[in-house]
1. Pick the calculated Rg and Dmax of the Cα atoms in Å for this structure from (i) 20.1, 78; (ii) 19.2, 58; (iii) 18.3, 56?
2. Going 7 Å from the Cα of Arg118 along its beta-carbon direction, which residues of segment 190-214 have the amide nitrogen within less than 12 Å of the resulting point?
3. In what sequence, highest mean first, do 103-112, 44-53, 143-152 appear when ranked by Cβ atoms within 10 angstrom?
4. Any idea how far the Cα center of segment 1-72 sits from the one of segment 163-221, in Å?
5. What's the Cα-based Rg to Rh of segment 7-97, Rh via Kirkwood?
6. Quick check: the angle from helix 206-229's long axis to the longest principal axis of the chain, C-alpha only, nearest 10 degrees?
7. Just list whichever of Lys68/Lys185; Lys68/Lys133; Lys133/Lys185 have alpha carbons separated by over 30 Å in the model shown.
8. Relative to the longest principal Cα axis of the chain, at what angle does helix 98-116 sit, 0 to 90 degrees, rounded to 10?
Amino acid sequence: MNIPEAIKMTLRFQQVPMTAHQIAYFICFNHLLQSASSLEAMVHAVEEAVFQNPAYFYVTDDLVHMSKWQEPEQQVVEHVFGTVQQAIHLLNELSHTSESGSNIVLALLLYKRLSDIRRSQQLGAPIVPDLWKFDRVAADTILPELSARVYEVMDYIERTDDRLDNAFLFGKEELNHMNEPGQLKKLQEVMRLLATLQLDEEHVPTPLFQAIFSHLFWRNIKHTSKELLG
């Protein structure tokens, strides 16, 4: 049995959402894993397993829940999440702080989603002009202008819809510092990777996208909080 399976068994047995600490204690106390180490190490392992498996778990108010997605939906979540993790890893190669890569990728993911939604799938979201569609900007913008162009589009989206005011705040802040050729090349690589995703409503319905984005956002907040607390 691995850690995700142990978490599933714990939640099914208890039949209520639990904190990572409660899950870790249950796993250790009941010897569900032969390789179980200290409780503190198990808490960290549970938190990491929950984060790495958004198709099966989600977190609200620090409580871990079992997801109710069916297999096709789980496959969509796993594919999008895996691609986003690749993108974050690529950007983290430029920095010693993982939250900087996460901030940019979260902003790019939202930009990509808003670009992919077609007029017939509006759902109240702002329309991104064809010239500023994510895939087009990723493919056609020359390298020296890339970060400025992406910043410009994000700023436009924020000004177009009050609900998205400051939605790209942290991403734009990181983009302001991406001026070196190596940084711009990595940004282009990440955007072209994200461009392989299809994030329109047909391929990724809103509940699935919200689950993925919230999961990544939660992880980013948790990591930033730990960094601030030392």
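1. Correct label is (ii).
2. Flagged as within label range: 200-203.
3. Values: 103-112: 24.3, 44-53: 19.2, 143-152: 16.6.
So the order, starting with the most tightly packed, is 103-112, 44-53, 143-152.
4. Centre-to-centre (Cα) distance: 27 Å.
5. On the way: Rg = 14.9 Å, Rh = 14.5 Å.
Rounded to two decimals, Rg/Rh equals 1.03.
6. 80
7. Working: Lys68/Lys185 39 Å; Lys68/Lys133 33 Å; Lys133/Lys185 19 Å.
From the list (Lys68/Lys185; Lys68/Lys133; Lys133/Lys185), the Cα-Cα distance tops 30 Å for Lys68/Lys185; Lys68/Lys133.
8. Approximately 60 degrees, to the nearest 10.
A short reminder: the numbers here are calculations on the coordinates, not readings from a lab. Values in this document were obtained by computation on a predicted structure and should not be read as measured data. When we count neighbours, we look across all protein chains shown, and the Cβ atoms used for this are built from the backbone with ideal geometry, even at glycine.
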